[in-house]
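Shown next, in structure tokens, is the structure this report addresses.
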Amino acid sequence: MPWRLWGTTTAIAGGLLLVLANTAPSDALSAAPAAAATPTPTSIPTPTPSPTAVATSSPTPIPSSTPTPTPTGTSPAELVYVANADSGPVTAYSPGSSGAVTPVRTVSNPQNSNTVWIPWGVTFDNYGNLYVQTFLSDATTFVFPPGATATTPPSRIFQADAPDNRSVAIDAHGYEYVAGGQAGWTIAVEPPGASGVPGSLYHVPPLRTITLNDGFIPWPSILTTDNQNEVIGAVTGTQANAIEVFTGGATGGSTPVRTISGPATGLGACGSPCAELSIAYSPSTGRIYVAVSDGASTRINVFAGNASGDAQPIQTIEGPATGLAGNVITGLAVSRSTGTIYAMVKSSQFGAGQVNAYASLAQGNAAPLHSFTDAGSAFTDAAGIAISR
């Protein structure tokens, strides 16, 4: 059983790199009840590496620039992917789903030796490859080819700094950013095409590591990348949450080049309880989307892509009609074709949930366009989400 965090509706809680910071601190889904007894967290043993293995990286062709598509209507290729943390499959659903539905596609544990399969994060690169970030112990990152199904093996596997990796993001140059760590958290920058071998637990040394000021309060969906090959990551503390921007790629420092923080941002703080943050970026709109899990005031704030300082959101979705109040948001994703905002909304981090879809320009007390949940799992173990490319 994977390690978990349990809590209230504000349960525990990234080229330039953007980081949200708080300056002080198997193909089948199993049915799950809406409320479950709290199990005792357990540890997953780390496999013993063989001394003969050697990690490698395999660079792949990368486009020289990031295309910026314009929303033109519903793309039949888009699916909403959900990472299910209880060793379950990654499941995919039609973006127009409503009610209790079954997945139209699953990506299951490939059962590779010396790996751990506890999906917390999912994302896609510009070629449509699916990245699945697992949590705890080995904390491996699996990369599947476009259109992967339950029987498709990963095209490569790698492990950045571990343990407790929980979010992954890819930029247009193919650099892979993995958020993890126990004493606070770090962003490990991996080379394009990173690929390890079983004997070394698939470890590929990072090109560089960015250290962030955060306590050990794991939360999914804390990294994303933008059109400038920046990465956005969420860090929580007791005074104020913030978005920090760092230079991406193989070189760059650990000092942000710009920061979004202050009372006007509405990013909250990680006091008691903690306002956890999840983030997404839309290449189509050029905007940064931030979910603030803040009890009765849980909301989605949208910022201009170049926002800095004490910037006010250009959109805020909040109010009783939104279905967000009293819940937490563990994942955000934005359709490239329609701009529709998808949020994984849950009663607690490991409580029952549903995906709410909001209009691209939704503002204030806006009701979802539609919502759906998994008919088997009720998304009890759901974490991060992504839209396929």
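Laboratory data are not the source of any read-out in this text; all were calculated from the coordinates shown. Keep in mind that what you see is a predicted model, and the values were worked out from it rather than measured. Cβ atoms come from the backbone with ideal geometry, glycine included; neighbour counts cover every protein chain shown.
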Could you give me the ³J(HN,Hα) list for the range 277-282, computed from phi with Karplus coefficients 6.51, -1.76, 1.60 and θ = phi - 60°, whole Hz, x at Gly and Pro? 10, 10, 9, 8, 9, 10
Given backbone amide H placed at 1.01 Å from N, residues whose amide H is under 5 Å from that of R287, ignoring those fewer than 5 places away on the same chain, are S282
Cα-Cα P(r), the range 215-363, percent of pairs per 5 Å interval: 2, 10, 20, 25, 22, 14, 6, 2, 0, 0
Compute, for the range 74-217, the length of the dipole vector about the Cα centre, with Cβ point charges of +1 (Lys, Arg) and -1 (Asp, Glu) only. Units Debye, rounded to 20. 220 debye
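Report the antiparallel proportion of the DSSP beta bridges in the range 271-369 as a percent, rounded to a multiple of 5.
Expressed as a percentage, antiparallel bridges in the range 271-369 total about 95.
Mean separation of Cα pairs under 8 Å and 6+ residues apart, divided by the residue count of the range 229-332: what relative contact order is that in percent?
RCO, the range 229-332: 23 percent.
On full extension of the chain, what length is gained from A296 through A367, given 0.36 nm per residue of separation minus the C-alpha to C-alpha distance?
So the chain would gain 24.0 nm between A296 and A367.
From the Cα gyration tensor of the range 113-199, with a ≥ b ≥ c the square roots of its eigenvalues, which class applies: rounded if a/c is under 1.5, or else prolate if a/b is larger than b/c, or else oblate?
oblate
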